[in-house]
Amino acid sequence: MTGSDKAAILLLYLGPDATSKIFEHMDDVDIKKISQSMARLGHVPRDVIQGVVTEFTDITNPETGFFPRGRNSSRRSWKRP
């Protein structure tokens, strides 16, 4: 699963309001990649969704919601195939 697929699953899980707010802070290239992943995902099993959400919460600081290891570290972990 690509980083774009994981981001698409997470954003679909969060819903359209959160997604639009997040997209406001992203560049057009990344938005396009994630949108393409959203369009082709189809049905995503619940265990896959839970795995993506768990992975995201594992790399964020539960108290602040920020990435304690830095933005680049978080990007690298989500770009893994």
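None of the figures in this text is laboratory data; all of them are computed from the coordinates on show. Treat the numbers as computed from the prediction; the structure is a model and nothing was measured. Positions of Cβ are backbone-derived with ideal geometry, glycine not excepted, and every protein chain shown enters the neighbour counts.
Grab the beta carbon distance between ILE22 and HIS43, set R0 = 22 Å, and tell me the FRET efficiency rounded to 0.05.
Calculated transfer efficiency: 0.45.
Each of TYR13 and GLN36 was given a label point 7 Å from its Cα along the Cα-to-Cβ line. The distance between the two points is 2.4 nm. This ranking places SER35, SER20, SER4 by how few other beta-carbon atoms lie within 10 Å of each, fewest first, which gives SER20, SER35, SER4.
Ordered by the number of other Cβ atoms lying within 10 Å of each residue's own Cβ, fewest first, ASP5, ASP17, ASP30 fall into the sequence ASP17, ASP30, ASP5.
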